[in-house]
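Heads up, the thing below is written out as structure tokens.
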């Protein structure tokens with residue numbers, strides 16, 4: 001029962017983050033001018049942007065309740081590190097709620113100022129940390145034998161994907177996604193003038209994407225299995241959506257798929273890294289046996 005609740009919470013957080021990406025991509029983030037209500041009511045005007053934002057808030061409320069329930073259940077049932085990760089998830093939730101309210105109340109549209117960009121990007125970073133912490137919790141309450149069925153090199157894989165995702169957040173909230181409208185070149189050049197922060201962060205995101213792709217390919221070649229093949233497939237899909245996002249001029253459906261696959265990849269690598277992070281002695285004994 002506890003595993004099911006935690007799994008539903010992970011799914012809810014993932015859907016919330018994907019919906020949040022859609023809200024941002026459609027410019028609906030400030031469709032509700034007040035907070036926590038929308039136009040002072042729970043039944044705001046029937047407009048697409050308003051209901052995208054309001055739906056995001058409603059799902060956020062449900063997700064918050066699920067996180068609270070998961071934390072209580074895990075802390076009552078388990079005595080391992082899952083209690084720490086569950087508690088961290090709840091603490092991070094408080095930060096996300098506060099930042100979410102600040103984003104609305106200070107009327108912070110994308111790119112208005114560096115301060116507003118910092119607030120909105122920090123909100124996404126904290127949300128990503130919640131997803132990771134919840135996935136860790138699920139892995140800890142589900143894993144019976146941490147030495148089997150693991151993704152090779154999962155910890156560096158997770159670290160590399162996490163870094164790429166962090167840079168991707170900066171790309172998104174600094175409007176750097178469209179500064180290089182071509183691929184594999186940037187503005188028709190292999191090395192464009194590094195005159196702006198946007199170009200630097202966009203190129204950094206591309207370099208990290210190549211690093212993740214090469215790493216996934218190397219793991220597949222070194223340790224071929226259904227798991228490493230599936231992982232490479234997820235990475236390849238994420239890379240494909242990223243390239244198409246550039247070539248289509250940030251076409252919304254493609255950007256949506258890029259966001260959805262990216263968040264899934266973070267959760268996937270976090271799940272497989274959890275045993276190595278939290279059960280290293282057991283894994284070492286299993287590997288030497």
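The values are calculated or read from the model by the stated rules, or taken from the named source; none is laboratory data. Quick caveat: nothing in here was measured; it's all calculated off a predicted structure. A quick note on method: Cβ atoms are made from the backbone with ideal geometry, for glycine too, and the neighbour counts reach across all protein chains shown.
Here is a list: 162, 249, 204. Which entry is surrounded by 13 or more Cβ atoms within 10 Å (Cβ to Cβ) and in contact (Cβ under 8 Å) with a residue 60 or more places away in the chain?
The unique qualifying residue is 162.
What are the residues in the range 230-254 that are more than 19 Å from residue 167 (Cα to Cα) and not in a helix (DSSP H, G or I), if any?
248, 249, 251
Being assigned to a helix (DSSP H, G or I), at pLDDT 80 or above and within 16 Å of the chain's Cα centre (by Cα), is that true of even one residue in the range 103-122?
No; the residues of the range 103-122 include none that is assigned to a helix (DSSP H, G or I), at pLDDT 80 or above and within 16 Å of the chain's Cα centre (by Cα).
Between 179, 191, which is free of Cβ contacts under 8 Å to residues at least 40 places away in the same chain, loosely packed, with under 13 Cβ neighbours inside 10 Å and in contact with a helix residue (DSSP H, G or I) (Cβ under 9 Å, 6 or more places away or on another chain)?
The conditions single out 191.
Using the structure shown, decide if residue 40 is more than 21 Å from the chain's Cα centre (by Cα) and over 21 Å from residue 275 (Cα atoms).
Working: more than 21 Å from the chain's Cα centre (by Cα): yes; over 21 Å from residue 275 (Cα atoms): yes.
Yes: the conditions hold for residue 40.
Return yes when residue 181 is in the same structural domain as residue 220 (by TED's automatic domain parsing), at pLDDT 80 or above, more than 16 Å from the chain's Cα centre (by Cα) and in a helix (DSSP H, G or I) and no when it is not. Let's see the steps before the verdict.
Details: in the same structural domain as residue 220 (by TED's automatic domain parsing): yes; at pLDDT 80 or above: yes; more than 16 Å from the chain's Cα centre (by Cα): yes; in a helix (DSSP H, G or I): no.
Here the answer is no, as residue 181 does not meet what is asked.
Working only within the range 33-64, note down all residues that are more than 21 Å from residue 127 (Cβ to Cβ) and without any contact (Cβ under 8 Å) to a residue 12 or more places away in the chain. Walk me through it before giving the result.
If we filter the range 33-64 for residues that are more than 21 Å from residue 127 (Cβ to Cβ), which is where we start, we get 33-34, 37, 39-48, 50.
Listed by number, the residues that qualify are 37, 39, 40, 41, 42, 43, 45, 46.
Go through (1) in a loop (DSSP other than H, G, I, E, B); (2) within 15 Å of the chain's Cα centre (by Cα) and name the single condition residue 161 misses.
Looking at each condition in turn, residue 161 falls short on (1).
Check the range 196-206 and report whether any residue there is assigned to a helix (DSSP H, G or I), over 21 Å from residue 250 (Cβ atoms) and touching a helix residue (DSSP H, G or I) at 6+ places or on another chain (Cβ under 8 Å).
no
Residues 146, 192, 156: which one is closer than 30 Å to residue 79 by Cα and at pLDDT below 90?
146
Quick check, is residue 46 more than 29 Å from residue 277 (Cβ to Cβ), out of contact with any helix residue (DSSP H, G or I) (no Cβ under 8 Å at 6 or more places or on another chain) and surrounded by fewer than 16 Cβ atoms within 10 Å (Cβ to Cβ)?
Against the criterion (more than 29 Å from residue 277 (Cβ to Cβ), out of contact with any helix residue (DSSP H, G or I) (no Cβ under 8 Å at 6 or more places or on another chain) and surrounded by fewer than 16 Cβ atoms within 10 Å (Cβ to Cβ)), residue 46 qualifies.
Looking at residue 192 and the list (1) in a loop (DSSP other than H, G, I, E, B); (2) under 26 Å from residue 21 (Cβ atoms); (3) over 19 Å from the mean Cα position of the chain (by Cα), which single condition is not satisfied?
With (1) in a loop (DSSP other than H, G, I, E, B); (2) under 26 Å from residue 21 (Cβ atoms); (3) over 19 Å from the mean Cα position of the chain (by Cα) applied to residue 192, the lone miss is (2).
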